[in-house]
Structures are given as C-alpha cells and as structure tokens.
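The values are calculated or read from the model by the stated rules, or taken from the named source; none is laboratory data. As the structure is a prediction and not an experimental result, all values here were calculated from the model. Ideal geometry is used to build each Cβ from the backbone, glycine not excepted, and the neighbour counts take in all protein chains shown. Heads up: the accessible areas ignore ligands, DNA and RNA and are worked out on the full protein's heavy atoms, side chains in. Shrake-Rupley method; radii C 1.70, N 1.55, O 1.52, S 1.80 Å.
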Amino acid sequence: MEQDNSDANGSTTYEEIMGIQKSAPSAGEGNTIETSSEIGGITGATDALSKRLLDFRKWCTDEAKIKIHPSICIVNGEATDGTKNAPVFAVAPPNGLSENTAVATSTTQVAQGRLGMVDGNAERALYERTMGCQIWTAREIKKDEIMMTCPRSAMITPDLVAASDAGRAVLACCKRPEANECNFWDVFENTSICEAQVTQKVASKPGAQLLVKTLRERDLAEKTFKAATSAAITSEQHELAKMGTISSRAPFLAFLIHQRFSPEVTPPVVTDGNADLENAMDDKNNAISASRRIRPLSGTPATFGPYARTLPSSLSLPICWKRNELALLSQCIPGLQPLQETVATTTQLATEFTALLKAGILTRFPSIFAPGVVTWERWVWAAAVYTSRILPAGAYFNVGEEKAEAFSPGNHKEALQSPPYIWDELGVMVPFLDMVNHEVEAQCIRWEKNVPGDGDVMKDESSRSHLPRAVLTRRVKKQQQVYFSYGDDDFSNHKMLVQYGFAQMLNKADVARLGWGLMDAVGKVDAPSTYTSLIEDLEEDFPFLVYESSDGQAINDWWSDDRLTLLETEAFPAVENSFMSSLKMGKKMTGSARSDGLYDPILLTVSLVSTMPTPELASLMTKIKSSDGDNFPVMISQRHQRVLRSYLLFVFTRKLEKLLDNLSTGLKIHYGSLNLWTRASEGGIRHVAKESDEDTRVGWQSFFDRHAYAATMEVEKHYYALAPDSCVLTLYDGQLQALQTSIDGLLSVEKFEKGVLKQLEDLGFILLNGSSEDSSGIVQVGNGTVDSCRKDESKKKDDGKGSPKKKNRNRKRNSSNVASTGDRPANIKLHIGNLSYQTTPSDLFDFFSRDYGRDNVLECHIPAERNTGKSRGFGFVTLPEQIARQILNSGKKYAVSVDIAQDIAFVQTDRMFRDFSTIWGMGPVKAGDQGQTMVVTMTITDGIEVAEIVAVEADHHIAGVVEVKETIMNTTTETTPAKENAATTIMNMGEVIRGVLAEIVTGDERAVGKERIENRLEIDHVTDRENALGRDPGTRRSPVDDLEAGRCGDREVGQRSDVIAGTEIVTASDAAPALSMIAVETRTLLVLIE
C-alpha cells in the first residue's frame, strides 16, 4: 500500500494517520494543535473516517485479496468507502444544538467516563449514533449472489497472532517453561479457565461488592500503569510473568493494539530480524527462547492496519461501562450474572495487563510498541473489539469440519501450527464480514466454508470448489442494509449485552431462571398468606393442591419413596444419582420460564410428578412394579391436570412478584420515586391504574415504555437498546416478559390445553379426557380400563410418540416439540391515525383498557422511523372483533389525551385477509379452526400503505410455504414421486405469490384482479398440481375452486371446509398436506387483493 503521512524527518503520529489531528504547525504559525473536534466537529471526523474506509476497501482488494461485490458499500453516517451511489445518512446534532456544541456537550456527557474509549469525541459520536459501520447495497443484489470471498490468509487467526511481532513480544514477557522446547501457546492459560476461577470466588458476593471489586481492579491497573510509565522499567528490572498468569486472549489484544495505534503508516505483522525480539531471545529465562517459531500463511497481507483503523472508537460492552451504569446491574437480581461475568473479565484483564507492565512491555520493545501505544484504555478497547467481533474457528475450516481436530489441509503449508484446542477456544476474525450488523429475521447472509478443489488444492475458479465466502440468501433491494445473525435461537439479551453491548426488545430467546427444589412442591399444606391465585380452583381440588413449604415433616410425607422414584425415572433418567441426592439434601435445580410461549420440559415433568394426587401415584406405582420391568406410561387424569395448572400458576406468579419487588427496590436509586406495581393480579406487568384509584403504583410496562425507548434504534421490525441504561432495562424486561407469557398461557383452560398439555403429549405422557376416579384411585376411561386406554393409544400413535421408550429418549435430550398456539377467536386490528408524536404504545393500551377492558386489548404498536426513532404518527390496536366493530360503527371521534394525541379517526377499508400463522405444523384447516384477522387502515390514496401490509404478510406466508416443503419432505425417510411433485408445486406456488407481490408493491395499479391471478396460477402451475395428485391435467378445474387434500400431522380433514369458501377437501395421497397449504395460500392471496 502506497501511503505516506510522514513529515520531512520521516516521523508521524497515530493522530495524523487517523486524520483526527492536523500536522504540527510550522514555525511562526503558533504552537497549538487543533483536533478534528475543534476544526470541523462531526464533519471533520466523517471526512477522516471516509478516507480510512476507502483505504480499507483498497487494502481488501490489493493486499488481502478479499473480493467484495461491487454493489456493496460501507457506510457510517455520512462516511462511505467511495462506492458509487452509496447511501448517505446525515449524522445531525440533537435538536436545538449546533454541531460543535453537540460534540462538546451532548456526546461528551453520554460517553465521558467510560473505559476503553479511544480517539476524540467526534469520532466516537459517529459510532455511538449509527451502530458502527454498516454494510449497505448501492444497487440491488439478487439471491445467491456472492457478497464477499475471503481467503484464509486474510483472516486473523491464532497462527497469525503467534507469528506476529506483537504476539511474540507478549510471549517474551512470560517465564520460560521447564521443557526445553515448547509451543507458542503453552505458557498461556485458557481464558475461560482464568475467568471461571474469578467467578467462583465472587459467585456468592452481593451486587454492591461485585461493583466495588470491578472498580478496584480498574483502579489498580491505572495506578500500575502510571507507576510503570514514570519508572521507565529497564530490561534488567523487569519481572517475567509466571506461567498461567496471562490468558491466551492477551496476544490477540496486543496484535489489535499494535495494528491500530502504531505510529507507522503500515505497521508490519512480521519483521525479520527484529532487534528487540532478538535481544529477548538472548535471555534464556523467557519463553520466546524456547518456543518454536510459527510462520504466517502464504499470501498473508504485510499489514492489517487499514482494517484495524476502521474498528469502532468505543464500544458499549459492560466491561467499558461507568460506575453508575454498572450500578444498574448491581442492585437487581437479574443483573448479577452479567455483572459477575464483567467482574471476571475485568479482573483477568487487569491481572494480565499488570503482569505485562512488570515484565517491561512498555520499554523493552520500542520498535513494536512505541511510547504511548499501550495503555489501560486501549487494552480494554482491544478486549471489547475482540469479544464483539470474533467468529468461531469453524469459519476457517473446510465444509463439514466444525472442530480443529477434523481440519484437513490441502497441503503441508496449510497445516495448523497452533494446537487444535487453541483454535477452538480463540476463533478467528474475518475483516469486512464483522462489519455486518445483527438482525435475526432480516438476516440475508449464509457463510459457506471452503470447498477444496481437485487434488485438495483450494480454488475459486471452479463452481464446485470455492474459498470461504458469504452468499446472499434473498434479494436485497437498492440502499438497504445487509444483516447477519450473530446467534442461534438461544441468542438471549444476556448474551447480546455481555458480548456485543446491545439488547433486543421483546426478544423471544429471553428466559427467566428459577430454582426448584423438593420444598417448592409440597401437598397437604396451606397456601402462603401472601399468595392470591389468579384462577378459581374447584372446591373438590382443594385437598390436592400443592404449594411451597418449609415444614420438614410435610416435605418428607409428601416426597415418599414412590414419588422420588417416579421423579428420577421421568425427569432425570440419564442423570447421575448424585443429582437426586442433592435434591434430597435441599439443593435446587434450575428451571426456566420462556418468552416464546413454550415451557421448560424438565420443569413441566417435575411439576407433573410433584402434583400427582396420592391415590393416582399409588395406583401407578403398583402397575409399574407389576409390569415385569416394562416401562408403564404416566397417565394424567382430569383432576391431575387441574392441580398441575394451579401449581404452575403458583410457581410463575411467585417468581414474577418477587422479581417485580426486587426491581422496584433496586431501581429506585436510579429512577427517583419509582413505585412499581408488584402483583401478578390486575394485569401483572401490564397493570394500569384506574383514574379513580388512589394507588400511585405504576405498571412495569408503562415504566419501561417511558424510559427504555429513549436510547433505541429501530432495525427492520425490532427495536434495539444501545445505551447502557436502556440495555439493562431491556434485560430485565425480557425476564419479566418470559414470566408473564408463562402466566398468560395458564389463565384459560383453552390456552392450558393447547400449551402445557400439548407439550406433555409430545413428551410421551397420556392425557385422560373425560376420565373419572373410583374410590380405589384406579382411573377409568369410558367402558375401558387403564390397560385398554394404553393399547388404544399405541394404535392411534403409530409414530412411536406413545411409546415409553420414545418418551424417555426425548426427555434425555431435554428436547421439546413446538406446541401449537391453538385456535384463536376472531380479532380485528384497528389503524389509529392522527397520533401525537409523543404517544407511546403504553398510552394507547391505557386508553383502550379504561373503556373496553384490559383483557380485550390484545396488542398495541406504534411504528417508528428507522433513522430517527420518532413515531410515524399512527399506530395499531388489536381488539376482539365484536368490540372493534362497535368502535367502527359508532362513527365517533376519540381523544386519548389533550396533551398526548389529537382526534383519532377509524376508517375501515374493503381489504381483509386471514392470519394463517398458526397453520404451519398444526395440520390442515378445519371449519372453525382459525380466527379471522381484518386489517382496518385509513383512507388509501396511492396504495402504498396496503402494499406495505401485503408485503409483510406475504413474506410470512412465503416462509411458511418453504417450511411446509421441508416438513413434507422429512415426514418419512422414504422419498416418493408424489412427495417430490408436491415439493415442486409448493416452491412454484411460492414464486407465483412472490411475483404477484412485486406487481402489487411496485406496479402502478393498486391491486391485481382476481381473474388475472387465477389465470396465472392455472397456466403456470396447475399441471404440476395435477401430476402431484395423479390426475389427468385435461380434467382439471380452477386451482382456486377445487383442491384436494388429505391428512397432515395427526388431524383428520373433513369433507368440506367453510374457512376456504368454494374449496373442497377430500382424502388423497401423501402429497395432500402440501397441497392443502397451497389452497390456504392461494385463497389468502385472492381475498387479500380483491
């Protein structure tokens, strides 16, 4: 790379290279040095970043050999990489402030005092207000196009770090091991082990002590750094770090610091004959003298400086937070675990930084770490960058290889030089790819691993072999951001916060942990005096209800040997006996409440055993003992089901109320006179005080809406919290939402049946509907006995679900099938227009709750602008159909509040469609199965609003079509021609829907006629449909008038369905489930555009 920022004497500074400081003035021009913040505020920082992004793009092409799609660009505010037609987003100062004032005050106040912050205020403002660098499309890119191809030599790997000058300097600060020869990594301890040792020491400490521990470690590192700087330790005075003191992460951090902050324009990765390292090798006491030399991979760029200098100037991980921001975690129970992890990371960073200072890293290697390059702030910055940008090592390996031990190099030059466990622990960094932001539903990138070519030599010319690359999984329009998912289905806000410094509101992966022990489920005891049940239990069930108790005698009486045996058999069949011994000694297991509407299978099972009435337990154990060693299925009577429902409500209610009480107390320090509603009754977290009520307590949801959205960004359909206080509130909200969702699923018998009981069936338990218990406790069903019930069940479920062996195997894996969301009543979504920009979803909920009841307000949503986060002035409220029509037919105007909103008008259009979101995986539609959802929007002038709604709904349905295709192809191991034809038909139908949508959204017409759609469907795809059914295409009728289907899942389809008017449903072949779904999709689309 040809670049020269040096003056006449050949010297330069980091600030000059980064463009955040002007060159030193010549004689007579004064002696002040102006920074970009003083010169041009954000504008100066933007210009400097644009230049660095341009240099990075050139480096990718010329040196790293990373091929990037020409329509892809890097954007950060108004800073771009020079790509033609790149989108530009103005980073304006807050309202009422000039640009320079904003930089000097607002940004400084937001960020001042955080750890790990580098560069100036203006540079940090670019990242804080735009979520860092973003990858956008300058032109449309089609599905399956390659976004980037990255050779392995361009990745930052353990081998590269071990070969680098910076990595070897860290090695030279360590004491030599006893062996005559060692690997580079032998002297470093596993980072996770280092931090786990700290975590064990602080696990029992309260939040206040954890906070103090973190601050003390920071202070110690700062003082040690100042002392080392002033003392100027010589090579004779240094003290080498003992083996195991420094973590394996430290060389990575040193590498990033060297490449980012070096005063050299192109800081070299490796220099031959480095004098400082040669001097270190002469000292036989340090590890570098005994370490085998590792060489970088052929083709490795000479420098990674252009990449390192585009990394963010600040990151908002908890290890960087200020004292008052960390205090938000220390005062509340849900914040203790992330705070413990922050303490462990901070302690290890401070320990190894202090050890490196004592080993002379500041003075012994001036050619690598010039004076001022290594500081405590930059050490933490590097740790935050590494944590938030590292990828699993599998990204480096060949296709089919997940672990380093399985790696097969193309030749000896590509062999891994670092131990496999180091690769698996540390991972790799992939330049450019790590600039892509996170979004789960909008992600459009698939990482494809390296595919070696002929002779195991990597090639990128062949269509069969290719280098590691990122491929687009869908079409991305012009000037849209490209997203990549950072985690799987378990990517909770806890992980987001600790690893990336942000949190997603209403994250379905959030869970609330709760402990469960034998004392938490005891029968024949009174309910706690502070507990109020949310449902009315039957009087006949009172003797069988189960609660918590501290009475030792009651616990022993309830947990008999039979009940303990059943608990071990059903809940913990594959767990060692020591676990059951721990439970008997009073220790607790960890269960969870989930936000996705499902229930923890282990918690369900232990609750099931805990609540089994004693007579039924005795009968079951008698049959088990007389079954000659065969497993006997657990059958759940009607009474047992009611007791189980009551107990689960008790468990989740108590946890919710305790958590709300803890938050109300802990957050008062930060939010003044906060007084939360801490009961699960009257709406729980959605509690709204009545105007006539003197109670001043506020519901959690109202409090959260007022405070958490102040520092969020809307990305696609989700809101992401960015500031620490907003992140912490979102973390707490995720756990509360999980508990509230679990409670909501138990409040009605219908939800309980379609949620909990459906999951229990999937786990292999047998539900006895319409059962009765005789005096002996033996359950009877109809005219049959328990044995006949078991026999009938095995006949009905020929797939093995009723088999006890199948049941136990499922629970050993701790797996749970997706429970059906069930049939839903008819709802209508009202469009609320003319809203004030200050109106929140909580305000809408409060207004409609007062007039129409809290339970009738199903959902409130106010869309916000993507770039500003401001309300768009309208919202949506979902209500039961009867109430919604009452509002529509009244013709009156409403006002939420004089101060909050203007008059609201409801205008119904002729556009309506059904929500079939619960169809997938449930079986075909039967008459009355699905509720009808109508979209009522304001007057349409150009069809844009309807087009947006159509696009959102259709994306959902198309995803469903693909899911059905995968389901039908995986129902059995055997592939039949009918199944293959059905799969082809499904995908063709999906393309038709996609094409119609394109015409609706982009065409001049506001809608496409029904006749035109029918013709397209018949001409293009009816032949495939008829072939799938085995019929003669010449005898066909319109696909929207006659479509055959049969069975799907375990449900039988009737002869006719009134849900899809004019569509006949009769028994057919194994292709029928797919075609049934097509019938739904076809009719949905036609109704939608009529």
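Give a residue-ordered list of calculated ³J(HN,Hα) values for the stretch 257-262 (Karplus: 6.51 cos²θ - 1.76 cosθ + 1.60, θ = phi - 60°; whole Hz; x for Gly, Pro).
Listing the rounded values in order: 5, 5, 6, 8, 9, 4 Hz.
Could you list which residues have their amide H under 5 Å from that of residue 715, counting only those 5 or more apart in sequence or on another chain, with H placed in the peptide plane?
Result for residue 715 returns 720.
Using the heavy atoms of the protein chains and a 1.4 angstrom probe, tell me the accessible area per residue for the stretch 836-887 in square angstrom.
That works out to 49 Å² for each residue.
Counting Lys and Arg as +1 and Asp and Glu as -1, each charge on the Cβ, what is the dipole of the stretch 627-776 about the Cα centre in debye, to the nearest 20?
Charge dipole, the stretch 627-776, about its Cα centre: 300 debye, nearest 20.
Note the per residue figure in Å³ for the convex hull of the C-alpha positions in the stretch 298-352.
It is 138 Å³ per residue.
If you average the alpha carbon positions of the stretch 607-650 and of the stretch 520-555, how far apart do those two centres end up, in angstrom?
Using only Cα atoms to place each centre, the spacing works out to 18 Å.
If you roll a 1.4 Å probe over the heavy atoms of the protein chains, what accessible area per residue do you get for the stretch 256-354, in Å²?
With the other protein chains kept in place, the stretch 256-354 gives 31 Å² per residue.
What list of ³J(HN,Hα) values in whole Hz, one per residue of the stretch 534-540 in order, does the Karplus curve 6.51 cos²θ - 1.76 cosθ + 1.60 (θ = phi - 60°) give from phi, with Gly and Pro shown as x?
Per residue, the Karplus-derived 3J(HN,Hα) values read 8, 10, 9, 6, 5, 4, 5 Hz.
Between residue 181 and residue 556, what is 0.36 nm times their sequence separation minus the Cα-Cα distance? Round to one decimal in nm.
Net length gain for the segment: 128.9 nm.
How large is the accessible surface per residue of the stretch 554-701, computed with a 1.4 Å probe and reported in Å² as a whole number?
42 Å²
When the accessible area of the stretch 558-670 is computed with all protein chains present and a 1.4 Å probe, what percentage of it is carbon and sulfur?
48 percent
Treating the beta-carbon of each Lys and Arg as +1 and of each Asp and Glu as -1, no other charges, what is the dipole magnitude of the stretch 469-592 about its Cα centre, to the nearest 20 debye?
Approximately 1680 debye in magnitude.
Compute the FRET efficiency between residue 143 and residue 489 as 1/(1 + (r/R0)^6), taking r as their Cβ-Cβ distance and R0 = 25 Å, and round to the nearest 0.05.
The value I calculate is 0.60.
Check which residues have an amide H placed less than 5 Å from residue 182's amide H, if you skip close sequence neighbours.
Long-range HN contacts for residue 182: 291, 292.
Please report, as a whole percent, how much of the solvent-accessible surface of the stretch 245-398 comes from carbon and sulfur atoms (probe radius 1.4 Å).
That share works out to 52 percent.
Restricting to DSSP loop positions (anything but H, G, I, E, B) with no more than 15 other Cβ atoms inside 10 Å of their own Cβ, which GluC sites (Glu not before Pro) remain in the stretch 333-442?
Within the stretch 333-442, the qualifying GluC sites (Glu not before Pro) (loop, at most 15 other Cβ atoms within 10 Å) are 402, 441.
Which cross-chain or sequence-distant (5 or more) residues have an amide H under 5 Å from the amide H of residue 832, H modelled 1.01 Å from N in plane?
875, 876, 877
How many percent of the accessible area of the stretch 467-517 is carbon or sulfur, using a 1.4 Å probe?
43 percent
Using 0.36 nm per residue, how much length does the chain from residue 530 to residue 212 gain when fully extended, once their Cα-Cα distance is taken away?
Taking residue 530 through residue 212 to full extension adds about 111.0 nm, to one decimal.
Whole-Hz ³J(HN,Hα) for each residue in the stretch 738-750, computed from phi via Karplus 6.51 cos²θ - 1.76 cosθ + 1.60 with θ = phi - 60°, x for glycine and proline: what do you get?
5, 5, 5, 5, 5, 5, 4, x, 10, 6, 10, 4, 4
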